[in-house]
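Working notes for the structure below.
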Amino acid sequence: MAYWWWWWREPSIYEMAEAGYTLLYVGDIEPTVTDYVLFDAFSQASQVSSARVSGYSITRKSSYGYVSFHHSRDGNF
């Protein structure tokens, strides 16, 4: 059972790019923004497949994230 973690994890940004997803970099966002908030914000304008927030763990002043789309036309803003 110790090796089942890989089955449930989400694909990395690199794996998504290789699979043909369109990725949009979102920079300088507040550290309080979560994956859900980012997903919800972009879902109002387009069909989003996932959203991830990563933070600068040292400064905690800002973060960045990625929003992924199944089709490139969905990522045109």
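The values are calculated or read from the model by the stated rules, or taken from the named source; none is laboratory data. Bear in mind that the values here come from a model prediction, so they are computed numbers and not experimental data. Cβ: placed from backbone, ideal geometry, glycine included. Neighbour counts: every protein chain shown. In case anyone asks, the SASA skips ligands and DNA or RNA and just uses the protein heavy atoms, side chains included. Shrake-Rupley method; radii C 1.70, N 1.55, O 1.52, S 1.80 Å.
Please work out whether the range 13-70 counts as rounded, prolate or oblate from its C-alpha gyration tensor, where a ≥ b ≥ c are the square roots of the eigenvalues and a/c under 1.5 means rounded, while otherwise a/b larger than b/c means prolate and anything else oblate?
In terms of gyration-tensor shape, oblate.
Roughly how many percent of the accessible protein surface of the range 13-70 is carbon and sulfur, given a 1.4 Å probe and a whole-percent answer?
Ligands and nucleic acids excluded, carbon and sulfur give 52 percent.
Can you give the FRET efficiency to the nearest 0.05 for Asp40 and Tyr14, using r as the Cβ-Cβ distance and R₀ = 25 Å?
0.50
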